[in-house]
Structure formats: structure tokens, C-alpha cells
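Each remark here refers to the structure printed beneath this line.
The values are calculated or read from the model by the stated rules, or taken from the named source; none is laboratory data. Nothing here was measured: the structure is a model prediction, and the numbers come from that model. Here the Cβ positions follow ideal geometry from the backbone for every residue, glycine too, while neighbour counts run over all protein chains shown. Heads up: the accessible areas ignore ligands, DNA and RNA and are worked out on the full protein's heavy atoms, side chains in. Shrake-Rupley method; radii C 1.70, N 1.55, O 1.52, S 1.80 Å.
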Amino acid sequence: MIELEALTKRYGEKVAVNNLTFTVRPGIVTGFLGPNGAGKSTTMRMVLGLDRPTMGEVRIDGKRYDQLKDPLTYIGALLDAKAVHGGRSAYHHLLCLAQSNGIPKSRVAEVLDAVGLTAVARKKAKGFSYGMGQRLGIAGALLGDPRILMFDEPVNGLDPEGIHWIRTLMKSLAAQGRTVFVSSHLMSEMAVTADHLVVIGQGRLLADTSMADFIERNSRSYVRIRTPQRERLLDVLCEAGITAVDADGGALEVDGGKPEWIGDLAAQHQVVLHELSPRQASLEEAFMRLTAESVEYHAHTGAVPVPDEALTASARQAWGSGWKKGA
Amino acid sequence: MASVQVVRSEWTKIRSVASTMWTLGIAAVVTIALGMLISALLSRDWEHLPPEERAAFDPTYMSFAGMSLGQLAMIVFGVLVVSNEYSTGMIRTSLAAVPQRGRLLFSKITVATALAFAVGLATSFVAFLLGQSMLGEHRTSLDEPGVLRAVVGGALYMTLIAVFSMGVAAMLRSPMPALGILMPFFFLVSNILSNVSATKKVARYLPDQAGSTIMQVVPRAGDAAPYGPWGGLGIMVLWVLAALVGGYVLLRHRDA
């Protein structure tokens, strides 16, 4: 379990991470989503004690990172696949990490085997492809058989086979009851791996929700209609028991309706239509709208401090009404 | 502050990178070979030396003449051991494994210092013995007063130069500025300062100028330093401690 409490990081005037409070629970994959520069990597570095929080704290199973004895046996992390000395072999890289945490030597061969690097174990890391470097980083994370795993953008730069491998690995780790915390800037990636979603933008918490909830709220289809006979169409729809809402540009939108159905209805009542189109709000769009609103929100409120829960609630509301308006 | 398992880990780190081991080898070879060459040349030209130089001749120090160049390889070793963690990004992996930063730094320095001392001791004895063999009738031996101290001192000097470089590298992190400051300083600036009369007195307290008195058996004619061989080494140790404290303080407070 990773607990963040009011975690804040400032670099001079710039606030990279702003008052983040959330908990990453065991047994599921928690996705950590945000656009580039949202503060995901900074947050993860603070979890590992690499960067010092300006305010707030992070607890790993109730302890501060530097209070953990042999931390690699509690939490394994892949922050940066290139955080390896290129002149050292994969075997020696893992061996020095194992020794520093009192992990038996035999474990090195095990994790090399688990990530499929046994054949190149004695080769220098600088000759590794990006995908191999990523695998070596993951081997390092698995080394101490930790209950918590944290991966920063693990699928970046990987080929489809590598991506599939990592997705499967994360799911199986969570299925073993481990805590898996993985960041990404791609909603589509999170949609297929994460069970729970933490979204940040501009360093602020925007959503902390289960993936199922997020999909239910955001992946709805609707029909967009434009007509010069607006009032007449609304009457027709109302009679048929269909609710339409106003959208931008004088258009109407009908939730979950079938275009054939509305088209037939309009033809029966001789209503002229200028547009009748099925639309799908993709998760990616929902995510972009959510983070875009955080920027807007941020700019309007300025220095007024807002408690996290209120922020989250308003962000949820905003994106709920946002898609209806077809923003 | 160091711990057994972290020391073991640092030993694996240091021995598994070829570049750091190479620099130690180069330090040994350069120091020994150059000392032999200069000793041989001096022995051949003995007849042409002015009498005051003959009187102040220090055969022990002469066999360490290669140190001025060999120490540069020791500097590279000290800098690389610390800064390659930063230049490769390995430091983030290392600090995640050992979040107690002082423990990481001092375990690393313990291992690198022990290795530098082992190489320094071997280098110093070989440089002395081979240097003396080149000096022929002007040679001295380990039985003479102060000679054994000077030879062991040569090992200490090489070690301290490396440790000083580790401290500076811990402060500067990146290898290029660290090497860019240390190499010209010890190879040129320090020598120039100690030969210009205006700065001579101050230059005596520079780490290499003070530390190298430990390798002298016959004090330099005309300008005896206000400290003895051990006093000089003590001054160098203070410089080294200052560099280590600086490196530790910065490492502790900096984001990795």
C-alpha cells in the first residue's frame, strides 16, 4: 500500500505537484494518468525518496521510504530504463542491487530468467535495445520479490510484443495480491490494464475512481442532430419519449439513441434534418477534457486553496456536464 | 556510516566496470615508468649537476617523479567512481536501493579508497625499488632513516588524491566539470603557484604541495616548509575531509 498525504513539490515558483492525497491499494493495478508534465514522474520520485517533498509525505506500508530496511524487498520500481551503468553487465547490475539489500545471489538468475534476459546476462547494458533496457529495469524491480511495484511509463517505446508482455505481467502481479502502480499519459493504455484510475493534471488530483466507473461515465454514445425546425423536432422527440439536450451551435444531442430510429421519426413527421450523426465520446477525449478543464479551473481560481475532495467533485461534475454539452 | 552489505555491493559495482579498473592500472604504470625514466636520466647527467643540487639530492623523492603524471590517472579514477553514477542515471537506482545517502556515499568511498590504497602501495614500492635500481651509486635503501615513511607516504598520497577527487565529484556530480577543475589544477596551477614567489607561501598549503612532503626524505633546499612530512600529510587530509563533507552535505540535500 502506498499512501500519499498532501504531497506537494515546488521548484521555485513552479508547483510540480500540488497537495496530492490518495492511496494505492493492493490486489489491483492502479493507473496513474496525466498529460506530459502533469507531475507523475515527480510524484513517483518522491515515493522513492529521490526528491524531497516541499510539503506532505508518502508512506509505504506505513513507513517513510528511508525508514524501510532493505527497501527493494518492500517496493520495486522502474522509473527510467536508462538508469543503468552502460559499462556493467546485466548480471552485475542486478548483483550489486541484490547485495545492497541482502537479497540472495540466486534471485538474480531467477529474475533474469523471468524477464527473458538470461542469454545476454553477461553482456554490457549499453548494447541493449530500449526494450531490453526496460526488461532489465523490470528485473531490478522484481529482484526483492516486493509486495509493491511501481512503473513509470513502462510501455513507452516498446514494440507490441513488449507491450503485451508488460500488460500481462502487471495483471499477474496484481492477481498475486501485490500493489501495482503504473503511470501513463495514454488513456487507451490504462483502459486495458488498470482497475483503478488516479488522474492528475498540473500536479493536482482530478479523479480517483475505479476504471469501471470512469468508463461508464465517459464512454457513452449519442446522436447529434441539427435541424431548422428545432421546436417541432423537440415535440416529436418528446412524444416518442426521447430526451434531447442542447449542444453547441444550436445542435441537439440524444443520449444512447440510434440514428436510424431518430431519422425514421423525423421522416414520419416531415421534419427537415441537416445533420444526423452517431457520436462516441472516446475515453481519450474524456481524459483530455478532464485535464483541459483542470487548466481552466486552475487559471480561474488562482491562489484560492480548494480542498481535494471539492476539487475532485467539481471536476467530475464538470466532465459529466461537459460531454452533454458536446464541448 | 558504511554497512557491510552496501560495501559488498559497491565492491561489485567497482570491479564490474572496466574503465575504473583501467585508470588504476594506468596510474600505476605511468608513475612507475616515468619515475624510472627520470631517475635514469638524472643518474646519467649526474656529472653535469651543480654542487648545490647534488647536496640536496633526494633519491627517494626522485623515484616518485612519475607521480605528477600518475596522480592525474588517480584523479580520473576518483572522479569516475563517483560521477559515473550521475552521468549514467544509475544514481536513482542506487538511491532507491540504499536511501540512506550517507551510507551509500561512504560505502562507495570506503571501497574505492581501499582499492586506491592497495594499488598505491604496490605502485609506491615498485616505483621506489625500480627507481633506485636506475640511480646506481646514488641510490638509497628502505633501511635509511625516513625512507620507509616516504614510500608508504607515496601510497597515502596517491590514495588521498583519489579520495579528494571523489569528494569534489560528489559535489559537482558531472564528470566533466570535476575533471576540468582537478586535472589542470593539480597538473599546472598548483605548480605555477608554488614557483611564483608572491604565491609560494600560500601554495604550500595546497593539498598536493602539502601532501607530497610525505614523500621527501631530504627537505627542499632553501625553502623548508613550516610543517614536517606528517604535518604536510595532515594538511592534505584536512582538504580531503572538507571535500567529503561538502559532497555529503550536497548529496543529502539535493534531489537525485
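Looking only at segment B:1-29, count how many residues are of a type in the set (A, V, I, L, M, F, W, C) and open to solvent by less than 40 Å² (accessible area, probe 1.4 Å). Reasoning before the result, please.
The first filter runs over segment B:1-29 and keeps only residues of a type in the set (A, V, I, L, M, F, W, C), leaving B:1-2, B:4, B:6-7, B:11, B:14, B:17-18, B:21-22, B:24, B:26-29.
With the extra rule that they be open to solvent by less than 40 Å² (accessible area, probe 1.4 Å), the set shrinks to B:6, B:14, B:17, B:24, B:27-28.
Residues that pass the stated criteria total 6.
Do we find a residue being open to solvent by 40 Å² or more (accessible area, probe 1.4 Å) and more than 30 Å from B:Ser87 (Cα to Cα) anywhere in segment B:231-250?
Taking segment B:231-250 as the starting set, the residues that turn out to be open to solvent by 40 Å² or more (accessible area, probe 1.4 Å) are B:237-239, B:241-242, B:245, B:248-250.
Pick out the ones that are also more than 30 Å from B:Ser87 (Cα to Cα) and you get none.
No; the residues of segment B:231-250 include none that is open to solvent by 40 Å² or more (accessible area, probe 1.4 Å) and more than 30 Å from B:Ser87 (Cα to Cα).
Do any residues in segment A:157-179 that are within 20 Å of A:Ile2 (Cβ to Cβ) have Cβ atoms under 7 Å from those of residues that are open to solvent by 70 Å² or more (accessible area, probe 1.4 Å) and among the hydrophobic types (A, V, I, L, M, F, W, C), where the two are at least six apart or on different chains, and which pairs are they?
That search, which allows pairs on different chains as well, returns A:Thr179/A:Met1.
If B:Ser133 satisfies every condition in (1) among the polar types (S, T, N, Q); (2) open to solvent by 30 Å² or more (accessible area, probe 1.4 Å); (3) in contact with an Asp or Glu (Cβ under 6 Å, 6 or more places away or on another chain) but one, which is the exception?
Here B:Ser133 meets the rest and fails (3).
Only residues in segment A:62-77 that are without any contact (Cβ under 8 Å) to a residue 60 or more places away in the chain count as the first member; pair them with residues that are part of a strand (DSSP E or B) and of a type in the set (D, E, K, R), Cβ under 7 angstrom, at least 6 apart or cross-chain, and list the lot.
A:Arg64/A:Glu57
Looking at A:Lys40, is it more than 11 Å from every other protein chain (Cβ to nearest Cβ) and in contact with an Asp or Glu (Cβ under 8 Å, 6 or more places away or on another chain)?
It is true that A:Lys40 is more than 11 Å from every other protein chain (Cβ to nearest Cβ) and in contact with an Asp or Glu (Cβ under 8 Å, 6 or more places away or on another chain).
Here are B:Val81, B:Val111, B:Val98, B:Val76: which of them is open to solvent by 20 Å² or more (accessible area, probe 1.4 Å) and aliphatic (A, V, I, L, M)? Steps first, please.
Numbers: B:Val81 fails: open to solvent by 20 Å² or more (accessible area, probe 1.4 Å); B:Val111 fails: open to solvent by 20 Å² or more (accessible area, probe 1.4 Å); B:Val98 fails: open to solvent by 20 Å² or more (accessible area, probe 1.4 Å).
Matching residue, one of B:Val81, B:Val111, B:Val98, B:Val76: B:Val76.
Out of the residues in segment A:99-125 meeting the condition of being on the phi < 0 side of the Ramachandran plot and at the interface with chain B (Cβ under 8 Å from one of its Cβ atoms), tell me which one is nearest to the chain's Cα centre (by Cα). Spell out how you get there, then give the answer.
Let us first name the residues in segment A:99-125 that are on the phi < 0 side of the Ramachandran plot, namely A:99-101, A:103-115, A:117-125.
Now narrow it down to the ones that are at the interface with chain B (Cβ under 8 Å from one of its Cβ atoms): A:99-101.
Details: A:Gln99: 33, A:Ser100: 32, A:Asn101: 30 Å.
Here the residue is A:Asn101.
Quick one: A:Thr30 ticks every box in (1) within 16 Å of A:Glu153 (Cβ to Cβ); (2) more than 14 Å from chain B (Cβ to nearest Cβ); (3) modelled with pLDDT under 95 except a single one, so which number is it?
Unmet condition: (3).
Select from segment A:10-54 the residues that are open to solvent by 40 Å² or more (accessible area, probe 1.4 Å) and polar (S, T, N, Q) and write down the one among them that is farthest from A:Thr193 (Cα to Cα).
A:Thr54
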